[in-house]
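This report refers to the structure that appears directly beneath it.
Only the coordinates and a few stated rules stand behind these numbers; no lab work does. Remember, it's a predicted structure, so these values are computed and weren't measured experimentally. Cβ placement follows ideal geometry from the backbone for every residue including glycine, while neighbour counts extend to all protein chains displayed.
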Amino acid sequence: MDMVEKVKGFLLEPKKTYVASKEDTLTDAMRYYIIIAVVFSALFAFMSSLASSLFSSMMGSKQFGMMFTPGAEVEEATLLFARSLILGVMGIFLLGCILHIFVYLMGGRRGNKQTIKAVMYAATPGLLFGWSPFIYSIAALWSLVLVILGIRELHEITTARAIMTLVIPIIILFVIAAVVVFMIFQGASDWTPIPTYGHEIIRQ
């Protein structure tokens, strides 16, 4: 299955495409992911630089004390592209390894490579359309659905178990965030200002 067929498959027929990709190596999946990550990073860098340039021209760069050279936008776009691509590749491996813990807890025994493959292929809509703020939410949601489908097909577990591999870490993160917020507010409520005895003595 070539690149274009895979992209169309994961967007329109994900179950069939995941089944056809079971024998793909991690290298195959990584090559596919890097290609669409390059597309995303390029579009993201271009759109971000364009928005920054338009904002600066509208507001006036001198108001912010900024001096733009002719090549500044190109340099900024290049840095954004490189940063986005590097973080994307590192992040997808980290996400796959963390997610595999919960896949294993839910009975997935096909190895962490299958989990990473599922996550890489599931990134298709998010990377191809996530650079646009207008359809980012839809693309991200579709990517989450593809993660569930990928885990189900590549690990051959039930849909309910595949869903739980995402639900459990989300609940854990929510609980941790709630505890942190509670501790912050609790600490703020317990704090009392130090009396300014020195000022009272001076006034006396």
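Given the Cα-Cα distance of ILE172 and VAL74 and 0.36 nm per residue of separation, how much length would full extension add, in nm?
Additional length available on full extension: 31.2 nm.
Quick one: ARG31, ARG109, ARG152, ARG161, fewest Cβ neighbours within 10 Å first, how do they rank?
ARG109, ARG31, ARG161, ARG152
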